[in-house]
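Written below as structure tokens is the structure these notes are about.
Values quoted throughout were computed directly from the atomic coordinates according to the rules given, and no laboratory measurement underlies them. Predicted model only: the values in this text are computed from it and were never measured. So basically every Cβ, Gly included, is an ideal-geometry build from the backbone, and we count neighbours across all protein chains shown.
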Amino acid sequence: MSDFFTSLGVYIPIIWMLVKILAVFVGVMSLSAVLTWAERKGAALIQDRIGPNRAKIIGNIRLFGIFHLMGDGFKLIFKEDLVPLHVTRGLFWIAPLLAFVPAMMGFAIVPFGQSFEWHGHVLHMSVIDPGNGMGMLYPMAIASLAVYGILTASWASNNKWSMLSGMRGTANMISYEISFSLAVIAIFLQMGAYDPHEIIAAQSSMWNVVRQPLGFLLFFVCAFAETNRLPFDFAEGESEIVAGFLTEFSGMKLGFLWLSEYVHMVTVSALMVTLYFGGWQIPFVANPGPLLSFIAFALKLLFFCWMFIWVRWTLPRFRYDQLMFIGWKILLPIGFANLLFYAWLINKGVV
């Protein structure tokens, strides 16, 4: 067996890359699908509802309503794919992909475990290996493309409610993206690097959430706006504008648009773990190894995914004028002040 792996030689990194791509795609997709079930169970728990609990497959085994997830999946796959006559067909077909693909691609740079050496090759636990020159700039650039999915879906629908939804969602994401980026730039400034592996390594003694608590709070709040989650859910706003940009979609187009929100939520949670909570690092464990480090990263990721659900079913939606006020007159000045403060500390040699 050892001779077999030795004979593979230069093909080991290529095989490992394919394995990582498949694992990340299947893992993120599976987690996002499960989160749609966790969302409904979380709503039931927090707001004293019943929640999904009826579907069963064998006998009386219901497993907390998990089979509702399978029912939803089959329903979306086999549901008739209706395309209204008044829509712009080309954009209508491509909009779900414009929302889904950037959300999925943003996870590619995130290290989900400790790198290890195998048969003379250093294998990194991230789809895009370090040293490519992009670092954490890559997910920031990709995340900014997610707005095109919402805008294209609303424009292609040729529906006044969808258009209103797209305009509000676009203004929401653009307004908070600036403060979101300022929080991340402050991390780059203090770490002296934007490679995620170096940022994680620099947190071996102290997590960045302790070094930059205000920056984390800024990132955390803006993450809800970036993912269009309550209390900043202005792209859909189901209590005000029907189903927003989703109104005209059905079948798997609707499924991809729904799933993109949860994929984006997983990606932003992974970025939060990487930037502020040590990534795969485990406190007081210097070298956890690939398996233990992956488990640590997964547990942190799941915690922040639950935080998104918790906040959604706890806080009410802001008014649109409150959204703009918070984004431009509160968070943006805080972001600039936080960045200038750490620039001053670095200049003084304090940090």
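Per-structure values
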{"quantity": "Relative exposure of LYS160, LYS79, LYS300, judged by other C-beta atoms within 10 Å (fewest first)", "calculated": "LYS160, LYS79, LYS300"}
{"quantity": "In sequence order, calculated HN-Hα J values of the stretch 64-72 (Karplus, 6.51, -1.76, 1.60; Hz; x Gly/Pro)", "calculated": "6, x, 5, 6, 4, 4, 5, x, 4"}
{"quantity": "Where only C-alpha atoms are counted, convex hull volume of the stretch 104-176 per residue in Å³", "calculated": "101"}
{"quantity": "Where labels lie 7 Å past Cα in the beta-carbon direction, separation of PHE25 and PHE74 in nm", "calculated": "2.6"}
{"quantity": "Amide H contacts under 5 Å for ILE282, placed H, 5+ residues apart", "calculated": "none"}
{"quantity": "Debye log10 I(q)/I(0) at q = 0.10, 0.13 Å⁻¹ for the chain, Cα point scatterers", "calculated": "-0.67, -1.09"}
{"quantity": "GNM top mover of ALA108, ALA235, ALA44 - the chain, alpha-carbon springs below 10 Å", "calculated": "ALA44"}
{"quantity": "Convex hull volume of the stretch 289-342 per residue (C-alpha atoms, cubic angstrom)", "calculated": "111"}
{"quantity": "Choice from SER250, SER205, SER269 with maximal GNM fluctuation in the chain (Cα, 10 Å cutoff)", "calculated": "SER205"}
{"quantity": "For the stretch 221-311, diffusion coefficient by Stokes-Einstein and Kirkwood Rh (Cα), 10 °C, 1.306 mPa s, µm²/s", "calculated": "107"}
{"quantity": "Per-residue HN-Hα couplings for the stretch 18-25 [Karplus 6.51, -1.76, 1.60; θ = phi - 60°; Hz; x = Gly/Pro]", "calculated": "5, 4, 5, 4, 5, 5, 5, 4"}
{"quantity": "Positive dipole terminus of the chain, leading residue within PRO96, PHE64, GLY349 (C-beta point charges)", "calculated": "PHE64"}
{"quantity": "Exposure proxy ranking, count of Cβ atoms within 10 Å, fewest first, for SER30, SER293, SER165", "calculated": "SER30, SER293, SER165"}
{"quantity": "Tensor-based shape of the stretch 195-351 (alpha-carbon gyration tensor, a/c under 1.5 rounded, otherwise prolate or oblate)", "calculated": "oblate"}
{"quantity": "Farthest positive-ward along the chain dipole, Cα basis, beta-carbon charges - from LEU82, VAL122, ALA337", "calculated": "LEU82"}
{"quantity": "Alpha carbon centroid spacing (whole Å) that separates the stretch 283-308 from the stretch 149-211", "calculated": "22"}
{"quantity": "Spacing of the two label points (7 Å from each Cα toward its C-beta) at LEU97 and ILE15, in nm", "calculated": "3.2"}
{"quantity": "Helix-only CD estimate at 222 nm, as mean residue ellipticity for the chain, using -39500 (n - 2.57) per DSSP H run (n ≥ 4)", "calculated": "-20500 deg cm²/dmol"}
{"quantity": "The chain, relative contact order in percent, only Cα pairs under 8 angstrom and at least six apart counted", "calculated": "23"}
{"quantity": "GLN47-HIS119 pseudo-label distance in nm [points 7 Å out on the Cα-to-Cβ vector]", "calculated": "5.3"}
{"quantity": "Of ILE185, ILE12, ILE174, the one that fluctuates the most in a GNM where the chain has Cα springs shorter than 10 Å", "calculated": "ILE12"}
